[in-house]
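Asks: The structure is given below, and queries will be raised subsequently.
The values are calculated or read from the model by the stated rules, or taken from the named source; none is laboratory data. Predicted model, so just to flag it, every value in this text is computed and none were measured. Every residue, glycine as well, gets a Cβ built from its backbone with ideal geometry; the counts of neighbours run over all protein chains shown. The protein model used for the area step is the full one, side chains on, heavy atoms only, and it has no ligands, DNA or RNA in it. Shrake-Rupley method; radii C 1.70, N 1.55, O 1.52, S 1.80 Å.
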Amino acid sequence: MFTDGLRRWLRLLSVTISFQLVAGADWNYFKCFETVRRCPNQNVSFYLYTRETQNNPTQLDMFNPESVTGANFIKGRPLIVLIHGYTGHRDYAPNPTIRPAYFAYDEFNIISVDYNPLALEPCYLQAVRNLPTVANCTAQLLDFIIANDIIPLDDIHVVGFSLGGQTSGMISNYLRAGRLKRITGLDPAKPLFVFASNEYKLDQTDAEFVQVIHTDVFQRGILHPSGHTDFYVNGGVVQPGCDAATMMTTGECNHNRAPEYYAESIATEVGFYGYRCAHWYLYMLGICRGGRPNDQVAVMGAYTPNTTRGLYFLTVNMMPPYARGSNYTLREELASISANIGAPPPPPPPVN
(Lines give C-alpha, C1' and ligand atoms only; values in the text may rest on other atoms or scores of the structure.)
Protein backbone atom coordinates (compact mmCIF):
# COMPACT_ATOMS: atom_id res chain seq x y z
CA MET A 1 0.00 0.00 0.00
CA PHE A 2 2.82 2.33 0.90
CA THR A 3 4.59 1.37 -2.32
CA ASP A 4 1.51 2.12 -4.42
CA GLY A 5 1.14 5.49 -2.75
CA LEU A 6 4.79 6.29 -3.36
CA ARG A 7 4.45 5.36 -7.03
CA ARG A 8 1.41 7.59 -7.44
CA TRP A 9 3.25 10.45 -5.76
CA LEU A 10 6.29 10.00 -8.02
CA ARG A 11 4.04 9.94 -11.10
CA LEU A 12 2.37 13.15 -9.98
CA LEU A 13 5.74 14.75 -9.34
CA SER A 14 6.99 13.65 -12.77
CA VAL A 15 3.91 15.05 -14.51
CA THR A 16 4.21 18.31 -12.56
CA ILE A 17 7.88 18.72 -13.45
CA SER A 18 7.21 17.91 -17.10
CA PHE A 19 4.41 20.45 -17.20
CA GLN A 20 6.58 23.11 -15.63
CA LEU A 21 9.39 22.42 -18.09
CA VAL A 22 7.07 22.59 -21.07
CA ALA A 23 5.47 25.74 -19.72
CA GLY A 24 8.89 27.29 -19.30
CA ALA A 25 8.55 27.86 -15.55
CA ASP A 26 11.55 29.46 -13.88
CA TRP A 27 12.02 26.81 -11.21
CA ASN A 28 15.77 27.07 -10.68
CA TYR A 29 17.29 23.73 -11.75
CA PHE A 30 14.09 22.63 -13.45
CA LYS A 31 14.86 25.04 -16.29
CA CYS A 32 18.27 23.47 -16.98
CA PHE A 33 18.53 21.35 -20.08
CA GLU A 34 20.92 20.04 -22.70
CA THR A 35 19.94 20.93 -26.22
CA VAL A 36 19.71 18.52 -29.12
CA ARG A 37 23.15 18.34 -30.72
CA ARG A 38 21.97 19.49 -34.10
CA CYS A 39 22.57 22.61 -36.19
CA PRO A 40 20.92 24.88 -37.04
CA ASN A 41 19.62 25.10 -33.47
CA GLN A 42 16.81 27.35 -32.27
CA ASN A 43 18.77 28.05 -29.07
CA VAL A 44 21.82 29.47 -30.88
CA SER A 45 21.27 32.78 -32.67
CA PHE A 46 23.54 35.09 -34.65
CA TYR A 47 23.34 38.85 -35.19
CA LEU A 48 25.33 40.86 -37.72
CA TYR A 49 26.41 44.39 -36.78
CA THR A 50 28.02 47.04 -38.96
CA ARG A 51 28.53 50.73 -38.29
CA GLU A 52 25.26 51.46 -40.04
CA THR A 53 23.26 48.76 -38.25
CA GLN A 54 24.95 48.69 -34.85
CA ASN A 55 21.69 49.73 -33.16
CA ASN A 56 19.50 47.53 -35.36
CA PRO A 57 21.42 44.32 -36.17
CA THR A 58 20.47 41.77 -38.80
CA GLN A 59 19.64 38.28 -37.55
CA LEU A 60 21.43 35.56 -39.49
CA ASP A 61 19.20 32.50 -39.52
CA MET A 62 20.65 29.28 -40.89
CA PHE A 63 17.12 27.86 -41.00
CA ASN A 64 16.74 30.50 -43.74
CA PRO A 65 20.12 30.72 -45.55
CA GLU A 66 18.90 33.67 -47.64
CA SER A 67 19.01 35.75 -44.47
CA VAL A 68 22.80 35.27 -44.60
CA THR A 69 23.42 35.68 -48.32
CA GLY A 70 21.19 38.77 -48.36
CA ALA A 71 22.63 40.35 -45.23
CA ASN A 72 24.44 43.69 -45.33
CA PHE A 73 28.01 42.44 -44.90
CA ILE A 74 30.67 45.04 -45.71
CA LYS A 75 32.81 43.41 -48.39
CA GLY A 76 36.53 43.80 -47.96
CA ARG A 77 36.31 44.36 -44.21
CA PRO A 78 37.27 41.81 -41.50
CA LEU A 79 34.73 39.73 -39.60
CA ILE A 80 34.91 39.67 -35.80
CA VAL A 81 32.91 36.93 -34.07
CA LEU A 82 32.06 37.67 -30.42
CA ILE A 83 30.97 34.87 -28.07
CA HIS A 84 29.60 35.65 -24.59
CA GLY A 85 29.92 33.62 -21.41
CA TYR A 86 27.74 32.07 -18.71
CA THR A 87 24.31 33.76 -18.26
CA GLY A 88 25.17 36.07 -21.16
CA HIS A 89 23.52 37.17 -24.40
CA ARG A 90 24.32 39.30 -27.45
CA ASP A 91 24.34 42.51 -25.39
CA TYR A 92 26.38 41.03 -22.52
CA ALA A 93 30.17 40.99 -22.11
CA PRO A 94 32.20 41.10 -24.29
CA ASN A 95 29.72 42.73 -26.67
CA PRO A 96 28.86 46.11 -25.04
CA THR A 97 32.51 47.15 -24.81
CA ILE A 98 34.13 45.58 -27.87
CA ARG A 99 31.50 46.30 -30.53
CA PRO A 100 31.43 50.09 -29.97
CA ALA A 101 35.23 50.18 -29.73
CA TYR A 102 35.63 48.52 -33.12
CA PHE A 103 33.04 50.76 -34.80
CA ALA A 104 34.56 53.90 -33.30
CA TYR A 105 37.87 52.90 -34.83
CA ASP A 106 36.82 51.70 -38.31
CA GLU A 107 34.26 49.70 -40.29
CA PHE A 108 33.97 46.03 -39.38
CA ASN A 109 31.58 43.14 -39.74
CA ILE A 110 30.75 41.86 -36.25
CA ILE A 111 28.68 38.78 -35.50
CA SER A 112 27.49 38.37 -31.92
CA VAL A 113 26.65 34.79 -31.00
CA ASP A 114 23.69 34.47 -28.61
CA TYR A 115 23.17 31.13 -26.85
CA ASN A 116 21.47 32.55 -23.76
CA PRO A 117 18.82 29.77 -23.46
CA LEU A 118 21.66 27.26 -23.09
CA ALA A 119 23.60 29.16 -20.42
CA LEU A 120 21.00 30.24 -17.88
CA GLU A 121 21.71 30.49 -14.17
CA PRO A 122 22.05 28.16 -12.23
CA CYS A 123 22.65 25.73 -15.10
CA TYR A 124 26.46 25.90 -15.35
CA LEU A 125 26.96 22.16 -15.85
CA GLN A 126 24.41 22.07 -18.66
CA ALA A 127 25.88 25.26 -20.13
CA VAL A 128 29.30 23.59 -20.39
CA ARG A 129 27.78 20.49 -21.96
CA ASN A 130 25.96 22.67 -24.50
CA LEU A 131 29.11 24.44 -25.70
CA PRO A 132 30.04 21.88 -28.40
CA THR A 133 26.68 22.54 -30.04
CA VAL A 134 27.25 26.31 -29.87
CA ALA A 135 30.67 25.79 -31.48
CA ASN A 136 29.23 23.47 -34.13
CA CYS A 137 26.49 25.93 -35.11
CA THR A 138 28.99 28.79 -35.23
CA ALA A 139 31.28 26.74 -37.46
CA GLN A 140 28.32 25.92 -39.71
CA LEU A 141 27.56 29.62 -40.17
CA LEU A 142 31.22 30.48 -40.83
CA ASP A 143 31.53 27.67 -43.37
CA PHE A 144 28.46 29.02 -45.16
CA ILE A 145 29.86 32.57 -45.17
CA ILE A 146 33.21 31.38 -46.53
CA ALA A 147 31.68 29.06 -49.15
CA ASN A 148 29.52 31.88 -50.50
CA ASP A 149 32.50 34.24 -50.83
CA ILE A 150 31.05 36.70 -48.33
CA ILE A 151 34.13 36.85 -46.05
CA PRO A 152 37.34 34.84 -46.62
CA LEU A 153 38.67 32.57 -43.90
CA ASP A 154 41.80 34.71 -43.49
CA ASP A 155 39.69 37.73 -42.47
CA ILE A 156 37.85 36.01 -39.60
CA HIS A 157 38.84 36.60 -35.96
CA VAL A 158 36.94 34.86 -33.14
CA VAL A 159 36.91 36.57 -29.73
CA GLY A 160 35.37 34.68 -26.81
CA PHE A 161 34.90 35.66 -23.18
CA SER A 162 34.75 33.22 -20.25
CA LEU A 163 32.73 30.20 -21.45
CA GLY A 164 32.84 31.86 -24.85
CA GLY A 165 36.63 31.71 -24.69
CA GLN A 166 36.51 27.94 -24.34
CA THR A 167 33.81 27.72 -27.02
CA SER A 168 36.02 29.59 -29.49
CA GLY A 169 38.51 26.75 -29.27
CA MET A 170 35.87 24.09 -29.96
CA ILE A 171 34.95 25.71 -33.31
CA SER A 172 38.04 24.06 -34.81
CA ASN A 173 36.44 20.66 -34.18
CA TYR A 174 33.70 21.45 -36.70
CA LEU A 175 35.00 24.06 -39.16
CA ARG A 176 35.41 22.47 -42.60
CA ALA A 177 36.80 25.47 -44.49
CA GLY A 178 40.19 25.23 -42.80
CA ARG A 179 41.98 26.49 -39.73
CA LEU A 180 40.98 29.80 -38.20
CA LYS A 181 43.68 32.43 -38.50
CA ARG A 182 43.16 34.06 -35.12
CA ILE A 183 41.38 33.42 -31.82
CA THR A 184 41.45 35.65 -28.75
CA GLY A 185 40.36 34.11 -25.46
CA LEU A 186 39.34 36.67 -22.84
CA ASP A 187 39.86 35.07 -19.42
CA PRO A 188 38.61 31.63 -20.54
CA ALA A 189 36.47 29.93 -17.91
CA LYS A 190 38.11 27.63 -15.35
CA PRO A 191 35.34 25.53 -13.66
CA LEU A 192 35.12 22.10 -15.36
CA PHE A 193 37.93 22.95 -17.82
CA VAL A 194 41.13 22.46 -15.82
CA PHE A 195 41.28 18.73 -16.57
CA ALA A 196 39.24 18.74 -19.78
CA SER A 197 40.86 17.37 -22.92
CA ASN A 198 42.04 19.90 -25.51
CA GLU A 199 39.12 18.93 -27.74
CA TYR A 200 36.78 20.61 -25.26
CA LYS A 201 38.72 23.76 -24.41
CA LEU A 202 40.83 26.47 -25.98
CA ASP A 203 44.42 25.61 -26.83
CA GLN A 204 47.01 26.71 -29.37
CA THR A 205 46.07 24.06 -31.94
CA ASP A 206 42.68 25.70 -32.50
CA ALA A 207 43.93 28.49 -34.80
CA GLU A 208 47.11 29.65 -36.48
CA PHE A 209 47.42 32.20 -33.69
CA VAL A 210 45.75 31.99 -30.28
CA GLN A 211 46.09 34.86 -27.82
CA VAL A 212 44.77 34.63 -24.26
CA ILE A 213 44.29 37.44 -21.74
CA HIS A 214 44.12 36.33 -18.08
CA THR A 215 42.59 38.58 -15.41
CA ASP A 216 41.00 36.32 -12.74
CA VAL A 217 43.04 33.12 -12.42
CA PHE A 218 42.11 32.46 -8.77
CA GLN A 219 38.37 32.39 -9.37
CA ARG A 220 36.53 32.36 -12.71
CA GLY A 221 39.42 32.27 -15.19
CA ILE A 222 41.89 29.53 -16.00
CA LEU A 223 45.53 29.87 -14.88
CA HIS A 224 47.17 27.42 -17.27
CA PRO A 225 48.58 28.93 -20.50
CA SER A 226 46.16 28.21 -23.33
CA GLY A 227 47.55 29.99 -26.38
CA HIS A 228 50.61 30.74 -28.44
CA THR A 229 50.90 33.80 -26.24
CA ASP A 230 49.28 34.40 -22.86
CA PHE A 231 49.08 37.79 -21.17
CA TYR A 232 48.66 37.91 -17.39
CA VAL A 233 47.44 41.35 -16.36
CA ASN A 234 48.59 42.04 -12.80
CA GLY A 235 49.61 38.40 -12.75
CA GLY A 236 46.01 37.57 -13.60
CA VAL A 237 45.27 37.88 -9.88
CA VAL A 238 43.70 41.17 -8.75
CA GLN A 239 42.90 44.00 -11.14
CA PRO A 240 43.49 47.55 -9.84
CA GLY A 241 40.23 49.16 -8.82
CA CYS A 242 38.41 45.84 -8.31
CA ASP A 243 37.63 46.07 -4.61
CA ALA A 244 34.69 46.32 -2.24
CA ALA A 245 33.87 49.78 -3.56
CA THR A 246 32.88 48.42 -7.00
CA MET A 247 29.32 47.52 -7.94
CA MET A 248 30.42 43.96 -8.73
CA THR A 249 32.07 41.33 -6.59
CA THR A 250 35.86 41.39 -6.76
CA GLY A 251 36.02 38.19 -8.81
CA GLU A 252 33.38 39.37 -11.24
CA CYS A 253 35.16 42.69 -11.66
CA ASN A 254 38.50 40.96 -12.29
CA HIS A 255 36.89 38.62 -14.82
CA ASN A 256 35.05 41.37 -16.70
CA ARG A 257 38.19 43.46 -17.05
CA ALA A 258 39.47 41.16 -19.82
CA PRO A 259 36.98 42.43 -22.46
CA GLU A 260 37.47 46.00 -21.20
CA TYR A 261 41.23 45.80 -21.74
CA TYR A 262 40.77 44.27 -25.16
CA ALA A 263 38.26 46.96 -26.16
CA GLU A 264 40.70 49.69 -25.16
CA SER A 265 43.51 48.00 -27.10
CA ILE A 266 41.63 48.61 -30.37
CA ALA A 267 42.34 52.34 -30.46
CA THR A 268 44.88 53.04 -27.70
CA GLU A 269 47.90 55.12 -28.63
CA VAL A 270 49.73 54.05 -25.47
CA GLY A 271 49.43 50.28 -25.76
CA PHE A 272 49.34 47.37 -23.32
CA TYR A 273 52.93 46.08 -23.24
CA GLY A 274 54.02 43.01 -21.31
CA TYR A 275 57.45 41.66 -20.40
CA ARG A 276 58.19 38.05 -21.16
CA CYS A 277 58.69 35.57 -18.33
CA ALA A 278 59.13 31.79 -18.57
CA HIS A 279 56.44 30.90 -16.05
CA TRP A 280 53.70 32.45 -13.91
CA TYR A 281 55.34 31.17 -10.71
CA LEU A 282 58.64 32.81 -11.58
CA TYR A 283 56.83 36.09 -12.13
CA MET A 284 54.95 35.88 -8.82
CA LEU A 285 58.19 35.05 -6.99
CA GLY A 286 59.79 38.17 -8.42
CA ILE A 287 62.44 36.30 -10.38
CA CYS A 288 61.43 38.00 -13.63
CA ARG A 289 62.32 41.67 -13.26
CA GLY A 290 62.00 43.25 -16.68
CA GLY A 291 63.21 46.65 -17.80
CA ARG A 292 66.54 45.46 -19.18
CA PRO A 293 67.52 46.44 -22.74
CA ASN A 294 67.38 42.86 -24.01
CA ASP A 295 64.10 41.90 -22.34
CA GLN A 296 61.44 40.75 -24.76
CA VAL A 297 58.32 42.92 -24.88
CA ALA A 298 54.99 42.29 -26.64
CA VAL A 299 51.83 44.31 -27.15
CA MET A 300 48.56 42.80 -25.94
CA GLY A 301 45.15 42.97 -27.58
CA ALA A 302 43.68 43.54 -31.01
CA TYR A 303 47.03 44.02 -32.77
CA THR A 304 49.29 41.45 -31.16
CA PRO A 305 51.45 40.09 -34.00
CA ASN A 306 50.62 36.52 -34.99
CA THR A 307 54.27 35.60 -34.53
CA THR A 308 54.24 36.42 -30.79
CA ARG A 309 55.05 33.50 -28.50
CA GLY A 310 55.38 33.00 -24.75
CA LEU A 311 53.98 34.34 -21.48
CA TYR A 312 53.86 38.09 -20.85
CA PHE A 313 53.10 40.09 -17.72
CA LEU A 314 51.91 43.66 -17.31
CA THR A 315 50.03 45.98 -15.01
CA VAL A 316 47.37 48.57 -15.77
CA ASN A 317 45.79 51.68 -14.32
CA MET A 318 42.88 51.53 -11.88
CA MET A 319 40.57 53.50 -14.18
CA PRO A 320 40.32 53.95 -17.96
CA PRO A 321 42.49 54.50 -19.83
CA TYR A 322 44.01 51.32 -18.46
CA ALA A 323 47.04 51.05 -20.77
CA ARG A 324 50.41 52.15 -19.38
CA GLY A 325 52.61 51.67 -22.41
CA SER A 326 56.03 50.01 -22.36
CA ASN A 327 57.71 52.07 -19.63
CA TYR A 328 56.76 49.90 -16.63
CA THR A 329 59.16 47.20 -15.42
CA LEU A 330 58.07 43.92 -13.89
CA ARG A 331 59.46 45.07 -10.54
CA GLU A 332 57.00 47.94 -10.59
CA GLU A 333 54.24 45.57 -11.65
CA LEU A 334 55.01 43.24 -8.73
CA ALA A 335 54.92 46.19 -6.35
CA SER A 336 51.53 47.14 -7.76
CA ILE A 337 50.15 43.62 -7.25
CA SER A 338 51.59 43.43 -3.73
CA ALA A 339 49.88 46.69 -2.85
CA ASN A 340 46.57 45.35 -4.14
CA ILE A 341 46.67 42.11 -2.17
CA GLY A 342 48.08 43.66 1.00
CA ALA A 343 51.54 42.10 0.87
CA PRO A 344 54.76 44.08 1.26
CA PRO A 345 56.30 45.18 -2.03
CA PRO A 346 59.48 43.55 -3.30
CA PRO A 347 62.77 45.06 -2.12
CA PRO A 348 64.31 47.83 -4.23
CA PRO A 349 66.94 46.83 -6.76
CA PRO A 350 70.57 46.93 -5.57
CA VAL A 351 72.47 50.14 -6.23
CA ASN A 352 75.24 49.62 -8.78
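Asks: Quick one: if you stick a label point 7 Å off each Cα along the C-beta vector at Phe218 and Glu269, how many nm between them?
Replies: Distance between label points: 3.7 nm.
Asks: Want the number for Glu66 to His279: 0.36 nm per residue separation, take away the alpha-carbon distance, what's left?
Replies: 71.8 nm
Asks: Now, a different point. In segment 102-233, carbon and sulfur make up what percent of the accessible area (probe 1.4 Å)?
Replies: Answer for segment 102-233: carbon and sulfur cover 50 percent of the accessible area.
Asks: Solvent-accessible area of Lys75, probe 1.4 Å, all protein chains present, reported in Å² to the nearest ten, please.
Replies: Using a 1.4 Å probe on the heavy atoms, I get roughly 130 Å².
Asks: Ordering Met319, Met170 by how much accessible area each has at a 1.4 Å probe, largest first, what is the list?
Replies: Met319, Met170
Asks: Please give the contour-minus-distance gain from Asn116 to Thr53: 0.36 nm per residue of separation, less the Cα-Cα distance, rounded to one decimal in nm.
Replies: 20.5 nm
Asks: Oh, and also: Kindly sort Tyr47, Tyr322 by accessible area of their heavy atoms, largest first, with the probe set to 1.4 Å.
Replies: Tyr47, Tyr322
Asks: Would you tell me the accessible area of Arg99, worked out with a 1.4 angstrom probe on the heavy atoms of the protein chains, in Å² to the nearest 10?
Replies: About 20 Å², rounded to the nearest 10.
Asks: What lysines sit close enough to Lys181 to cross-link, taking a C-alpha to C-alpha distance under 28 Å and skipping anything fewer than 8 places away on the same chain?
Replies: Here the lysines satisfying the reach criterion relative to Lys181 are Lys75, Lys190, Lys201.
Asks: Convert each backbone phi in segment 60-66 into a coupling constant with the Karplus relation 6.51 cos²θ - 1.76 cosθ + 1.60 (shift: θ = phi - 60°), then list the ³J(HN,Hα) values in order as whole Hz, x for Gly and Pro.
Replies: For segment 60-66, the Karplus-derived couplings read 9, 10, 6, 5, 10, x, 5 Hz, x marking Gly and Pro.
Asks: In segment 152-275, what % of DSSP beta bridges are antiparallel (nearest 5)?
Replies: Antiparallel bridges: around 5 percent, rounded to the nearest 5.
Asks: What are the ³J(HN,Hα) couplings of segment 37-47, residue after residue, when phi is run through the Karplus curve with 6.51, -1.76, 1.60 and θ = phi - 60°? Round to Hz, x for glycine and proline.
Replies: Listing the rounded values in order: 7, 9, 10, x, 9, 5, 9, 10, 10, 9, 10 Hz.
Asks: Something else now. So for the pair Asp91, Val297, with labels modelled 7 Å out along Cα→Cβ, what separation do we get in nm?
Replies: Each label point is offset 7 Å from its Cα along the Cβ direction, giving 4.1 nm.
Asks: How many angstrom separate the Cα center of segment 165-216 from the Cα center of segment 255-319?
Replies: 19
Asks: Here's a follow-up. Once phi is turned into θ = phi - 60°, what whole-Hz ³J(HN,Hα) does the Karplus curve with 6.51, -1.76 and 1.60 give for every residue of segment 92-98, x standing for Gly and Pro?
Replies: 10, 3, x, 5, x, 9, 7
Asks: Let me ask you something else. Between Asp243 and Glu34, what is the spin-label point distance in nm, taking each point 7 Å from the Cα along the Cα→C-beta axis?
Replies: Distance between label points: 4.5 nm.
Asks: What residues qualify as long-range amide H neighbours of Thr304, i.e. H under 5 Å apart, gap of 5 or more or another chain, H built at 1.01 Å from N?
Replies: Excluding prolines and chain starts, which carry no amide H, there are no hits.
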